[in-house]
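Undergrad: Below are the structure tokens for one structure; questions will follow.
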Amino acid sequence: MTGIIIAAAVVSIVGLILGLFLGFMGKKFAVEVDQKEIDVRAELPGNNCGGCGYAGCDALAKAIAAGEAEVGACPVGGEPVAKKIADIMGAEVGNTRRMTAFVKCAGECDKTNETYRYTGVEECTVMPFVPNGGSKSCTYGCMGYGSCVKACPFDAIHVINGVAVVDKKKCKACGKCVAVCPRNLIELIPYDAKEVVKCSSKDKGKDVMAACQVGCVGCMLCTKQCEFDAIKVENNIAHIDYDKCTGCGKCAEKCPKKIIHAH
Amino acid sequence: MNLLIIAISAALVNNVVLSQFLGLCPFLGVSKKINTAAGMGGAVIGVITISSALCSLIYDYILVPLDLTYLNTIVFILVIAALVQFVEMVLKKCSPALYEALGVYLPLITTNCAVLGIALTNVQESYNLIESVISGFGTAAGFTIAIIIMAGIRERNEFNDVPESFQGMPIVLLTAGLMSIAFFGFSGIL
């Protein structure tokens with residue numbers, strides 16, 4: 001019994017001495033950190049998601065304090081955090097538009113076909129090595145293996161009926177899923193976007209019809225309908241320019257395949 | 001003479017990385033540039049030399065008299081962790097650039113098995129204080145030699161046309177293997 005007590009005492013005394021030494025040296029070698037940096041860091045969410053492009057929240061705080069980054073550079077904190085940081089930095093908040101990720105595919109299991117039966121690794125990133133880029137009839141659509149789900153730090157994206165869907169309330173627009181999707185299906189769009197094109201197929205109309213019931217055939221009806229020149233068909237796929245879109249909904253009304261939706 | 005043999009044996013013959021395969025994490029992780037490799041080597045020399053001295057003292061004057069030699073691992077780890085913390089503070093204050101360059105590998109010296117390995121080897125070989133310090137310094141110097149050579153080779157490899165399947169880590173590991181074979185040549189001299 002005394003052996004145990006002596007052992008515990010020795011270890012704790014050694015620990016105590018080292019702790020005191022470190023505490024003392026910590027004071028002696030303290031690096032003056034800008035108070036602003038500490039304050040800014042306190043306001044940042046602390047997920048260290050890297051969505052801002054810096055190595056983590058510490059690095060972003062440093063950059064903001066040094067004036068190298070915008071006060072609203074944190075996509076996760078969005079406007080409330082930007083305001084608080086602006087108060088600390090004494091700067092004006094620019095108009096930060098809240099963004100959200102959006103998966104441009106509506107080809108759910110019952111709307112598309114399987115060209116063959118795939119039983120391999122269920123991971124989107126291996127699909128480019130699989131014949132025809134995966135078993136899905138559409139070679140542009142969401143494969144539903146959920147690499148984006150795994151990449152999302154906020155549990156905001158889920159595969160529902162074979163297609164990834166973003167929960168826009170939870171989405172912080174960090175861009176992790178955008179980067180990971182091998183088919184480049186995910187785009188950051190404004191949170192308040194009214195209309196969205198839910199397809200990414202660059203195939204010609206006939207091929208699209210064969211592959212999926214809800215694909216953009218590039219008929220250009222939406223382009224003709226738009227009064228604001230906000231929707232364009234390029235590479236057989238409609239794309240909305242959200243700087244111009246007013247959300248009138250005429251394109252959605254006219255779309256024969258009903259792939260332009262209210263968001 | 002005995003001390004010289006200990007130093008050379010620790011630095012070259014029983015090179016910690018290439019013969020004993022300890023401390024591979026920073027050896028592979030921080031060997032991209034000669035500058036940071038040298039910085040890492042310097043930090044490791046500092047930590048290992050001081051920790052060898054402290055561990056030897058603690059072992060001889062605290063653990064042995066109290067008959068607590070079985071506590072050596074935990075006490076050594078405590079000392080090493082505190083030392084690394086200390087080195088981190090000093091570097092942060094004196095050389096922020098090196099601090100940034102070493103990044104996560106600096107706190108990882110704590111778990112660098114070379115550091116603990118040497119402290120335990122010293123005890124095993126029943127070295128006295130001076131022998132322990134020399135052995136520790138020699139080992140750390142050996143680590144530095146190995147990591148700097150590695151960084152030099154890697155810097156040159158950057159410009160070589162490495163086959164696609166060997167790019168990145170594979171070629172580094174192959175290089176490490178070849179270096180290890182080369183260092184095997186020292187094994188006969190002592």
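Undergrad: Just to verify a result, which residue in segment A:117-147, among those that are in contact (Cβ under 8 Å) with a residue 40 or more places away in the chain and hydrophobic (A, V, I, L, M, F, W, C), is nearest to A:Ala262 (Cα to Cα)?
TA: Looking at residues that are in contact (Cβ under 8 Å) with a residue 40 or more places away in the chain and hydrophobic (A, V, I, L, M, F, W, C), I get A:Cys142.
Undergrad: Yes or no: B:Leu91 open to solvent by less than 30 Å² (accessible area, probe 1.4 Å), part of a helix (DSSP H, G or I) and within 29 Å of A:Ile5 (Cβ to Cβ)?
TA: no
Undergrad: Please go through segment A:211-263 and pick out each residue that is touching a residue at least 60 places away in the same chain (Cβ under 8 Å) and open to solvent by 20 Å² or more (accessible area, probe 1.4 Å).
TA: A:Gln213, A:Val214, A:His261, A:Ala262, A:His263
Undergrad: Which one is farthest from the other protein chains (Cβ to nearest Cβ), of the residues in segment B:67-119 that are within 22 Å of A:Phe24 (Cβ to Cβ) and among the charged types (D, E, K, R)?
TA: B:Glu88
Undergrad: Filter segment A:20-29 for residues that are open to solvent by 40 Å² or more (accessible area, probe 1.4 Å) and out of contact with any Lys or Arg (no Cβ under 8 Å at 6 or more places or on another chain); which is nearest to the other protein chains (Cβ to nearest Cβ)?
TA: My answer is A:Phe21.
Undergrad: Would you call A:Ile88 in a helix (DSSP H, G or I) and farther than 30 Å from A:Asp243 by Cβ?
TA: Judged against the criteria, A:Ile88 is a match.
Undergrad: Output the residues belonging to segment A:42-69 that are within 24 Å of A:Cys152 (Cβ to Cβ) and either over 17 Å from the mean Cα position of the chain (by Cα) or hydrophobic (A, V, I, L, M, F, W, C) (or both).
TA: Scanning segment A:42-69 gives A:Glu43, A:Leu44, A:Cys49, A:Cys52, A:Ala55, A:Cys57, A:Asp58, A:Ala59, A:Leu60, A:Ala61, A:Ala69.
Undergrad: Restricted to segment B:142-190, and to residues that are β-branched (Val, Ile, Thr) and over 17 Å from B:Leu24 (Cα atoms), which residue is surrounded by the most Cβ atoms within 10 Å (Cβ to Cβ)?
TA: B:Val162
Undergrad: B:Ala97 passes all but one of (1) under 23 Å from B:Phe27 (Cα atoms); (2) of a type in the set (A, V, I, L, M, F, W, C); (3) open to solvent by less than 70 Å² (accessible area, probe 1.4 Å); which number fails?
TA: Condition (3) is where B:Ala97 drops out.
Undergrad: I would also like to ask the following. Residues of segment A:10-19 being over 44 Å from the mean Cα position of the chain (by Cα) and either within 14 Å of B:Cys94 (Cα to Cα) or more than 7 Å from chain B (Cβ to nearest Cβ) (or both), which ones?
TA: A:Ser12, A:Ile13, A:Leu16, A:Ile17
A quick yes/no check of all residues on (1) at pLDDT 90 or above; (2) under 15 Å from the mean Cα position of the chain (by Cα); (3) not aliphatic (A, V, I, L, M):
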position	(1), (2), (3)
B:Ile80	no, yes, no
B:Val87	no, yes, no
B:Leu108	no, yes, no
B:Ala114	no, yes, no
B:Val133	yes, yes, no
B:Gly142	yes, yes, yes
B:Met150	yes, yes, no
B:Asn157	no, no, yes
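Undergrad: How many of the residues making up segment A:178-230 are farther than 22 Å from A:Pro256 by Cα and among the small types (Gly, Ala, Ser)?
TA: Total meeting the criteria: 1.
Undergrad: Residue check: is A:Glu43 touching a Lys or Arg at 6+ places or on another chain (Cβ under 6 Å) and buried (at least 16 other Cβ atoms within 10 Å of the Cβ)?
TA: yes
Undergrad: Going through segment A:30-43 one residue at a time, which ones are among the charged types (D, E, K, R) and either in a helix (DSSP H, G or I) or within 7 Å of chain B (Cβ to nearest Cβ) (or both)?
TA: Matches in segment A:30-43: A:Lys36, A:Glu37, A:Asp39, A:Arg41, A:Glu43.
The values are calculated or read from the model by the stated rules, or taken from the named source; none is laboratory data. Remember, predicted model here, so these are calculated numbers, not experimental data. Backbone-built Cβ (ideal geometry, glycine too); neighbour counts: all protein chains shown. Just so you know, the surface numbers come from the protein's heavy atoms only, side chains and all, with ligands and any DNA or RNA stripped out. Shrake-Rupley method; radii C 1.70, N 1.55, O 1.52, S 1.80 Å.
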